[in-house]
Structure formats: C-alpha cells, structure tokens
Amino acid sequence: MKKTLIAVILFFTSLLCVNAQYAYSLYFINEMSQRHEYNPAFVPEYGYFALPVIGNTQVGATSDVGILNFLFPYNNKQVLFLHPSVNTSDFLNKLQPRNRIKQSLSTDLFSCGFFTSNNDFWTIGLSLKENTSAVLPKSLFEFAKDSTKNYYDLSDLRAKSVCWLEASLGCSKEINERLRVGFKVKLLTGMSEEIIKYSKLDLNRVGDQWHVNASGQTFIASNFLSYKVDSTNHFTFQDYTFNKHNIKPAGFGAAIDLGFSYRITPDLTLSSSLTDLGFISWNPSAVKIGEAKNEYDISGVSDSATYSYGTWNNQIWWLGENGKQILAYKRLTTKRRYTDMLTATLRTGLEYDVLKNGNKRISLGLLNTIYYGEYDSDFETVGSVNLRPNSWFCLTGTCAFLHKNPNRFGLAMNFSPKWINFFIASDFLLPRLNSDYLPKNAFTFNVQTGIAIPLFLNKPPYRYKYKDYPY
C-alpha cells in the first residue's frame, strides 16, 4: 500500500469529536433577545433572562472536503483514492490547495439584559465556547497518492482546538434619535488548548525510505487533559487521559466587542461591529510543549497495494498505524507562558425596510462578515429577506454569495409573545450522505437556538420603543 499520512487526518478527526460562529440569519431579527452577541449596540424590545444552557446554544461544522473526495467506484464497490484504478489527476483535482476543517460550539450558562431609566441596555453573561480548525494541504494527499515525485512540501499542515469560559458585561447607549453605540467587556478563562503546527515539513525520497526535514511545535495547555509519551519521550496523540478531578483554569485573558447602529433614513439602517478582539494567556504550569525532530526517516511503510482485506474504513485504520511517525513531537521540559489571540470578527450590515404597516414589516438585508484568525481567516457576504407578519413572529431567509460556496442558504425563526422569546436558526450547505451517514461532499452546518423569558413587560422605561424618527 502507498505511503500515507492518514494518521494526521485521524488525529484531526479526533479533535473534532472532543471555530464560535453565530448564525448569519439571526442578524436582522430585531426581536431576538440575544441579538447583542452580533453587535453590542443592538437591543431587543424587552429585557430578558435566558434559561441556562438552552438559552442560547450554537453548534456548527464546515469542511472543504467530503468522503467522495477520497472514495471512488471500482467493480461495484468503493475503494480508497490510493487504489491503482484511481487516476491521480482525477483525485487531486477535487481538492483545494489548502483544505480546511472547522468546528465551533457555544452555549450560554447565564445571560440576562435589562434597560435603565435613561434607555441604556445592559447585558450580563457567562458562556462556554470552543473552536477547532485544521488545515490539510493538497500536498499531503499528493504524497499519499503519487509515487513519481521525490520531494513534497507539507509545511501548511496545522490544527488548533481551544476551549474557554467567557464572562461579559455590555452596554448599548442611545446617543441621539438615529445612533446607538455599544461595547462589551469580556473576561476569559482558558480551559484547554491544543495546537499542532509546522514551519517546515519537507519529505525527500531516499531509496525505499522517506527522509523528513521538519521544524514545528505542539502546545498543549490544560490541567485536566494530558497526552502520554512513548519510550522515546514523544507524544502519542492517540493516547490521552482526562482527569475530572483537576478541572481548573489553564489561563486567563480579556476581550472587547464594539459596535454601532445608525439610521441613515427612516427606512435604511447601517450597523457594524468588531467582536472577540482579545487574547488568552496560558499559565506555564499548565503548558506542555513538544518539538518536531529536525531530521528523521520514515521506514516500514510498504508501497504495495493491498486491498483484499476488509472494508475501506479498516484500510484507513491500517494506513493510520503506518503513518503515526509523521506526528513525531518530542516532549520538552521547558515551560513558558504563551499568549494566543482569539479569532476577531468584523460584521457590517445594511437593512432596508421595503414595507412597514403597523406591526407588519418586510425588509431586505446585506451582511458582510470577515474573520481574522491565525489559521482560519475568511469572509462571507449574505443577502437576507426578513418578514414580520405580526408583532410576535419573525422569519428570515438568507443566501450567501461572493463566496466559494454560493449555494449556502439559511433560515431563522423568532417567536416572541410577551411571555417567551424562542428562536432557532441554521446556516447550511447541505451535504449528501453515504450509507454510513458521512458527508459525501463539502458541507457547512450551523444551528443556533435559545429560549428566554421577557422582563418588565409594559413597564416604561424598561421596554424599548422603536420610534418613527423625524428627519
């Protein structure tokens, strides 16, 4: 069987099972209680108290590739891309130069908001967040498939997973009849972080072996999660322990959100925000550092194609067992503090009211979102149609464009009679699934939902009144 780095893919997959991005389609729903998560200047109609955990939960995943990128039909069955019947160009043409995998999770443990007598809106929150991202270069798969080359550069190979608690205090203030500004201060408690990255990873064929020239580091910051080392003091990433009796912070940090909302005309509103501008500093006592070897050889990997055993998932296991050496990080005794930046998000929205008639409203929206991250910087622009047939029900549909996945759609619903506020939203690029329920192609899936209880109903000044502003 061909040489391979499938063990790296398996490691990234294990991270995904253990990047928070809220649903775009909720951005233009004014009645949503926690709309301030997108822009601290936004305010709902009422103060609110969100139910713990189910008050606001988001989970999402996205990938540039699916299982069909690696499986091909042969004699009425599926074989891996390594099979001799699979054309190398056909396989590689399905891949991006840098194939990304992202996953995110966010849940509110506590959240409430209330108005004060001068029409300021204050929010207090405590949430748990987790982001994971990985980059798999095309050269990784080319190395696994192509036997004609003698050199490969895999330096783009990297992965990161971080989990933290976030306590926040925010305020939205009305400057005048057209303008509201907002800010939110966040104190961050880092729970764990795992990073694998290479600044250099060159592979050269030397006879029947591969000579590896590598330079990279792994950072593991956690008090309750630890990875074991083998007899040569190298991390074995497949073998880790979870100590539930030692769940305590591994680092601390801070972040800030800034935003504004400005009504240009009675029917046109411009809004913008910069969120999650901050960092986490990890304590030296919680940090374990591994360093990639400078030079070493990979041996014991056969070039013979052996596809007579088991199913393709058994083949992946076999390949993983033969590719573990590529994750060769030797544990260092050095301990030091290091600081990691969050993925900041810049959102700019424009909303135009097409129809306003009492409680009925139809509007069109345009939202541009830019992410600034070390590994996962990206942008997306979506258009939306927002419907409010009455005072307690809203429905929004979105469609992405100016993006590599232009057929990405979203839906959101907000149900808000005076006694409850319930919302649910999803941004998705639906994948086709195989018989094992694995996505066949690139996919995006993001769901956000929550339930909140309105506060201080019909008791001015604790209820915000949307005004017909004079111009």
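One table, with the values for the structure above:
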{"item": "Within the range 210-264, considering residues that are of a type in the set (K, R) and either in contact with a strand residue (DSSP E or B) (Cβ under 7 Å, 6 or more places away or on another chain) or at pLDDT 80 or above (or both), the one farthest from W164 (Cα to Cα)", "result": "R263"}
{"item": "Subset of the range 408-428 [part of a strand (DSSP E or B), over 25 Å from A344 (Cβ atoms) and at pLDDT below 90]", "result": "F409"}
{"item": "Members of the range 253-272 found to be crowded, with 16+ Cβ neighbours inside 10 Å and under 30 Å from F219 (Cβ atoms), listed by number", "result": "G253, A255, I256, D257, L258"}
{"item": "Members of the range 41-56 found to be in contact with a strand residue (DSSP E or B) (Cβ under 6 Å, 6 or more places away or on another chain), at pLDDT 90 or above and surrounded by 19 or more Cβ atoms within 10 Å (Cβ to Cβ), listed by number", "result": "A41, V43, Y48, A50, G55, N56"}
{"item": "Selected residue [more than 29 Å from T444 (Cβ to Cβ) and either of a type in the set (S, T, Y) or surrounded by fewer than 17 Cβ atoms within 10 Å (Cβ to Cβ) (or both)] from L179, L165, L203, L126", "result": "L179"}
{"item": "Enumeration of residues in the range 331-360 that are open to solvent by 70 Å² or more (accessible area, probe 1.4 Å), in contact with a Phe, Trp or Tyr (Cβ under 7 Å, 6 or more places away or on another chain) and outside any loop (DSSP other than H, G, I, E, B)", "result": "R331, T339, M341"}
{"item": "Subset tally (residues that are open to solvent by 20 Å² or more (accessible area, probe 1.4 Å), modelled with pLDDT under 85 and touching a Ser or Thr at 6+ places or on another chain (Cβ under 9 Å)) for the range 372-407", "result": "10"}
{"item": "Residue within the range 142-159 that is in contact with a Pro (Cβ under 7 Å, 6 or more places away or on another chain) and under 29 Å from A286 (Cβ atoms) present", "result": "yes"}
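The values are calculated or read from the model by the stated rules, or taken from the named source; none is laboratory data. As the structure is a prediction and not an experimental result, all values here were calculated from the model. With ideal geometry, Cβ positions are generated from the backbone for all residues, glycine too; neighbour counts draw on all protein chains shown. Surface areas here come from the heavy atoms of the whole protein model, side chains and all, with no ligands, DNA or RNA. Shrake-Rupley method; radii C 1.70, N 1.55, O 1.52, S 1.80 Å.
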